[in-house]
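Worksheet for the structure shown next.
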């Protein structure tokens, strides 16, 4: 049912934890499905130098958070904003259809952390990050 990559990132998640002095923090979730993701980023010269996450949820939620951090660490904010939930799914070798919402949460948590970073810099994140979602759509059947 789950790929080797999903199982690896679930049982050995990368970049777990908090960054106490984070430059941006994004939290997304949906009480309906029970998954909550919190993403922390450190940024230097427009590059994400460190990223950590805390996720409350299923194995797919943890796996998508883990792989997403690996996919944006060392990349520019602009590059990180191009990360799609589909790219997360592909990097994990696929997810069951009913777990795709986890990849959406991973994408949204990154965007929320970057939006928070821009707000802290006094920059309106809207034109750069786009409209932020409340993820209510993530778990609709």
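Okay, here's what the table says:
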| item | result |
| --- | --- |
| Burial ordering of 111, 44, 119, fewest other beta-carbon atoms within 10 Å first | 44, 119, 111 |
| Nearest-0.05 FRET efficiency for residue 82 and residue 7, computed from C-beta distance (R0 35 Å) | 0.85 |
| Two-decimal log10 I(q)/I(0) for region 42-119, as the Debye equation yields it once each C-alpha is a single scatterer, q = 0.14, 0.20, 0.23, 0.24 Å⁻¹ | -0.41, -0.80, -1.02, -1.10 |
| Cut-off 12 Å (backbone N to label point 7 Å along Cα→Cβ of residue 56), residues of region 35-50 | 35-38 |
| Fewest-first sequence of 50, 124, 21 by Cβ atoms within 10 Å of each Cβ | 21, 124, 50 |
| Ranked list, fewest to most other Cβ atoms within 10 Å of each Cβ, for 75, 98, 9 | 98, 75, 9 |
| Binned Cα-Cα distance frequencies in the chain - 5 Å width, integer % | 2, 12, 22, 25, 20, 12, 5, 1, 0, 0 |
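None of the figures in this text is laboratory data; all of them are computed from the coordinates on show. Quick caveat, the model's predicted, so the values are computed rather than measured. Positions of Cβ are generated from backbone atoms using ideal geometry, with glycine treated the same way; all protein chains shown enter the neighbour counts.
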